[in-house]
Amino acid sequence: MSAPTVTAPPPPPRSSESTATTSPRTVRRHWTEHGLVFVGPFLLVYALFLLWPLLHGVKMSLGDDNITGTDSHFIGFDNYAEALRDPDVWSSLWNTVWFTVLSTVPLVLVGLGMALLAHHLRVVQWLWRLSWFAPFLLPSGVVGLLFMWVIFPSDFGFADQALASVGLHPGIGWLTDERYAMLSIVLTTVWWTVGFNFLLYLAALQAIPQHLYEAAELDGAGAWARLRHITLPLLRRTTGVVLVLQILASLKIFDQVYIMTAGGPDESTRPILQYVYQTGFTGYRIGYASAVSYLFFALIVIVSLVQLRLTRRSSEEGARS
């Protein structure tokens, strides 16, 4: 006897909707499935207000554009070559880097110390948190004017009065002496922005399991040993985030310097962003200012990539250990 023949069932008939793959209903359904309908408005705004100005700025940096937008010509990379030879660019860049170095360390350490205190204080804990974070909510103009007219005026300012109270000689030109101007801006920035780092560290401290401290205490570990072997290692990722955010924010300094010293005395505190502003809107050289800003943008990208690489490597080593 021969084996029975098995016949495959016929394929189901195609619906009119599946065949009409280009119908508006199908296209709209595919867009909805992929989320394009929801991200479309954001992509439009992103392209209009970020991508287009970015590309237009590159175009201006390759020309001799002025503030009026007329009589501009393509000059290639001449603006970039001039910026690399400009001593004002290098001095302003050095001021920016020096401010970043001076401000980053205290902002990280002070923020960590404040978070440790607020985490362990049990009396009116909410008041400590509020008072330490409140300065971060103030606008830059308020902070700049506060330190200009209340903290740093010679002879009658709060800083000079504090020096006189401990027997030191007052009358320091906090904002008019090259030796103290940058330090004064750093102190202002630390008081103003350390609350953000404090908040990040406090949130990270609250996420550490309490049973780790209890087990270490039962084993005889003191407060310093618990801080060194439990708290600080578990805050490593938070410290990496704080460092990245703080370095990027310090490199973009502009507001407090422009308000408090206007880049003086003798341009000793002028950051690179203020030089871009002066070149473009005071010197009317929009093309050259665009070239300087894009060179600075490239520097920020390089710093971000290096910092990200170092942070990732540190996290991998901590996970292996």
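The values are calculated or read from the model by the stated rules, or taken from the named source; none is laboratory data. The shown structure was predicted, so the numbers you read here are calculated from the model rather than taken from an experiment. Neighbour counts are summed over all protein chains in view; Cβ atoms, including those assigned to glycine, are modelled from backbone coordinates with ideal geometry. Only protein heavy atoms, including side chains, enter the accessible area calculation; ligands, DNA and RNA are left aside. Shrake-Rupley method; radii C 1.70, N 1.55, O 1.52, S 1.80 Å.
Name the one entry in GLY263, GLY240, GLY283 that is out of contact with any strand residue (DSSP E or B) (no Cβ under 9 Å at 6 or more places or on another chain) and at positive phi. Spell out the reasoning first.
Working: GLY240 fails: at positive phi; GLY283 fails: at positive phi.
Result of the check over GLY263, GLY240, GLY283: GLY263.
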- Query: Restricted to region 265-294, and to residues that are part of a helix (DSSP H, G or I) and hydroxyl-bearing (Ser, Thr, Tyr), which residue is farthest from PHE147 (Cα to Cα)?
  - Reply: TYR288
- Give me the pairs, please: first residue somewhere in region 66-90 and on the phi > 0 side of the Ramachandran plot, second residue anywhere and charged (D, E, K, R) and open to solvent by 50 Å² or more (accessible area, probe 1.4 Å), beta-carbon distance under 9 Å, and either six or more positions apart or on two chains. ASP71/ASP64
- Query: Taking region 42-61 on its own, how many of its residues are over 19 Å from LEU299 (Cα atoms), surrounded by 12 or more Cβ atoms within 10 Å (Cβ to Cβ) and either aromatic (Phe, Trp, Tyr) or touching a helix residue (DSSP H, G or I) at 6+ places or on another chain (Cβ under 7 Å) (or both)?
  - Reply: 2
- MET114, sole failed condition from (1) touching a residue at least 40 places away in the same chain (Cβ under 8 Å); (2) crowded, with 17+ Cβ neighbours inside 10 Å; (3) farther than 25 Å from VAL244 by Cβ: (3)
- Item | Members of region 165-211 that are modelled with pLDDT under 90, aliphatic (A, V, I, L, M) and loosely packed, with under 15 Cβ neighbours inside 10 Å | VAL166, LEU168
- Breaking point among (1) part of a helix (DSSP H, G or I); (2) without any contact (Cβ under 8 Å) to a residue 24 or more places away in the chain, for ALA262: (1)
- Query: Which one of the conditions (1) modelled with pLDDT of 90 or more; (2) hydroxyl-bearing (Ser, Thr, Tyr); (3) surrounded by fewer than 19 Cβ atoms within 10 Å (Cβ to Cβ); (4) more than 18 Å from VAL101 (Cα to Cα) does THR282 fail to meet, given that it meets all the rest?
  - Reply: (1)
- Restricting to region 230-279, what's the tally of residues that are of a type in the set (Lys, Arg) and either modelled with pLDDT of 90 or more or open to solvent by less than 10 Å² (accessible area, probe 1.4 Å) (or both)? 2
- Looking at (1) of a type in the set (Val, Ile, Thr); (2) over 24 Å from the mean Cα position of the chain (by Cα); (3) modelled with pLDDT of 90 or more, which is the one condition that is false for THR68? (3)
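What residue, of SER131, SER140, is open to solvent by less than 40 Å² (accessible area, probe 1.4 Å) and not hydrophobic (A, V, I, L, M, F, W, C)? Talk me through it step by step, then tell me what you get.
Values: SER131 fails: open to solvent by less than 40 Å² (accessible area, probe 1.4 Å).
From the options SER131, SER140, the qualifying one is SER140.
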- Can you confirm whether region 144-151 contains a residue that is among the aromatic types (Phe, Trp, Tyr), within 16 Å of ILE259 (Cβ to Cβ), at pLDDT 90 or above and out of contact with any strand residue (DSSP E or B) (no Cβ under 8 Å at 6 or more places or on another chain)? yes
- Message: Looking only at residues that are out of contact with any helix residue (DSSP H, G or I) (no Cβ under 6 Å at 6 or more places or on another chain) and among the aromatic types (Phe, Trp, Tyr) in region 78-98, which one is least open to solvent (accessible area, probe 1.4 Å)?
- Response: TRP98
